[in-house]
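The structure under discussion appears below in the form of structure tokens.
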Ligand code: CAA
């Protein structure tokens with residue numbers, strides 16, 4: 001498939017997707033989300049890829065769902081046709097880790113897309129917000145659900161109700177982002193994190209992602225039970241044998257993703 005709104009590259013074992021609609025600050029229309037879904041699935045199915053990075057430009061990760069595209073939708077377009085967010089769930093089906101490397105604006109659907117990734121590395125100029133209230137609507141791709149889980153009810157309410165933006169420092173303090181780096185270093189840092197992940201055992205990485213995500217969907221005792229089952233399963237992999245043997249032999253493990 002030819003992509004028009006995203007750039008897709010491979011950097012060793014890392015798949016890099018760059019949102020590329022600069023004139024609209026990477027506003028997320030149906031085509032962008034469709035292309036993103038296709039690229040993500042292709043990387044997920046590609047045995048040579050072990051981790052994925054999604055980024056935007058230095059000015060905008062993404063300034064939200066495309067307001068021009070949806071401004072005149074009726075309730076039936078939105079509800080029955082599901083025109084606005086019908087492509088948005090693909091990212092949740094991806095089993096390999098996905099890092100959001102966010103510089104500039106991550107607003108509305110942009111913030112929601114970043115939160116759908118497994119973790120966010122922010123540039124020092126990043127700004128996060130859910131300004132839908134100013135448009136006479138509300139977050140529609142998980143903002144009211146993932147934000148309270150990520151940063152507390154108080155801050156989520158504050159952001160969704162007042163539309164104020166959160167800078168990178170506040171986002172890191174609140175736990176929305178895992179680290180902040182100077183904007184010029186963002187891609188390097190994100191690729192370095194992705195390469196570190198890519199040097200581990202892929203099935204173990206997938207189990208870790210599955211287990212951490214389970215924490216959001218279940219009780220603590222069920223989650224711990226689920227984790228224990230995966231932990232036990234890891235002893236059925238060759239990579240667990242190699243990882244522990246290498247530690248005892250004081251050498252770097254050579255994982256085979258088996
Ligand atoms: N949709 C469509 N176009 C957008 C856009 C969006 N979300 N955000 C920016 N653009 C366009 C602007 O219309 C403008 O286009 P033109 O040059 O053709 O006029 C271009 O991008 C540059 O934008 P600005 O001139 O506004 O740039 P700025 O630097 O002055 O301001 C900004 C930047 C603060 C991000 C401002 O563009 C803005 O507030 N954007 C809208 C943010 C927003 O409300 N996002 C939520 C969308 S709704 C949503 O996402 C629903 C959901 O949950 C799924």
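Could you list all residues from the range 172-207 that are touching a helix residue (DSSP H, G or I) at 6+ places or on another chain (Cβ under 8 Å) and assigned to a helix (DSSP H, G or I)? Residues satisfying the conditions are 174, 197, 203, 204, 205, 207. In the range 131-145, the condition of being away from the ligand (no atom under 11 Å from the Cβ), modelled with pLDDT of 95 or more and over 27 Å from residue 42 (Cα atoms) is met by at least one residue. Going residue by residue through the range 30-45, is there one that turns out to be in a loop (DSSP other than H, G, I, E, B) and touching a strand residue (DSSP E or B) at 6+ places or on another chain (Cβ under 7 Å)? No, that holds for no residue.
Quickly run through the range 141-159 and pick out the residues that are within 18 Å of the chain's Cα centre (by Cα) and assigned to a helix (DSSP H, G or I). 143, 144, 145, 146, 147, 148, 149, 150, 151, listed by residue number.
Checked against (1) closer than 22 Å to residue 202 by Cα; (2) assigned to a helix (DSSP H, G or I), residue 54 meets all criteria but (2). A search for C-beta distances below 8 Å between a residue of the range 55-76 that is over 14 Å from residue 26 (Cβ atoms) and any residue that is within 8 Å of the ligand (Cβ to nearest atom) and modelled with pLDDT under 95, counting only pairs 6+ apart in sequence or on different chains, returns 70/84; 73/84. Within the range 89-105, the only residue that satisfies the criterion of being without any contact (Cβ under 8 Å) to a residue 40 or more places away in the chain and touching a helix residue (DSSP H, G or I) at 6+ places or on another chain (Cβ under 8 Å) is 92. Examine the range 226-233 for a residue that is part of a helix (DSSP H, G or I), farther than 19 Å from residue 122 by Cα and in contact (Cβ under 8 Å) with a residue 24 or more places away in the chain, and state whether such a residue exists. Among the residues of the range 226-233, at least one is part of a helix (DSSP H, G or I), farther than 19 Å from residue 122 by Cα and in contact (Cβ under 8 Å) with a residue 24 or more places away in the chain, which makes the answer yes.
State whether one or more residues within the range 5-13 are closer than 19 Å to residue 123 by Cα, part of a strand (DSSP E or B) and in contact with a strand residue (DSSP E or B) (Cβ under 8 Å, 6 or more places away or on another chain). No; the residues of the range 5-13 include none that is closer than 19 Å to residue 123 by Cα, part of a strand (DSSP E or B) and in contact with a strand residue (DSSP E or B) (Cβ under 8 Å, 6 or more places away or on another chain). Take the conditions (1) on the phi < 0 side of the Ramachandran plot; (2) more than 8 Å from the ligand (Cβ to nearest atom); (3) in a loop (DSSP other than H, G, I, E, B); residue 84 misses just one of them, which is (2). When residues in the range 14-29 are screened for being in contact with a helix residue (DSSP H, G or I) (Cβ under 6 Å, 6 or more places away or on another chain) and part of a strand (DSSP E or B), 4 of them pass. Looking across the range 66-76, the residues that are within 14 Å of the ligand (Cβ to nearest atom) and more than 30 Å from residue 51 (Cα to Cα) come down to 67, 68, 69, 70, 71, 72, 73. From the residues in the range 71-93 that are surrounded by 19 or more Cβ atoms within 10 Å (Cβ to Cβ) and more than 10 Å from the chain's Cα centre (by Cα), which one is farthest from residue 177 (Cα to Cα)? By that ranking, first place goes to 84. Of all residues in the range 35-65, exactly one satisfies the criterion of being near the ligand (Cβ under 9 Å from one of its atoms) and surrounded by fewer than 22 Cβ atoms within 10 Å (Cβ to Cβ), namely 59. Within the range 87-118, restricting attention to residues that are within 12 Å of residue 40 (Cβ to Cβ), in contact with a strand residue (DSSP E or B) (Cβ under 7 Å, 6 or more places away or on another chain) and part of a helix (DSSP H, G or I), the residue that is nearest to the ligand (Cβ to nearest atom) is 113. The one condition from (1) within 12 Å of the ligand (Cβ to nearest atom); (2) over 9 Å from the mean Cα position of the chain (by Cα); (3) touching a residue at least 12 places away in the same chain (Cβ under 8 Å) that residue 121 does not meet is (1). No other residue among 32, 14 is buried (at least 18 other Cβ atoms within 10 Å of the Cβ) and without any contact (Cβ under 8 Å) to a residue 40 or more places away in the chain apart from 32.
The values are calculated or read from the model by the stated rules, or taken from the named source; none is laboratory data. Keep in mind the model is a prediction, meaning the values are calculated, not measured. Here the Cβ is made from the backbone with ideal geometry for all residues, glycine too, and neighbour counts use every protein chain on show.
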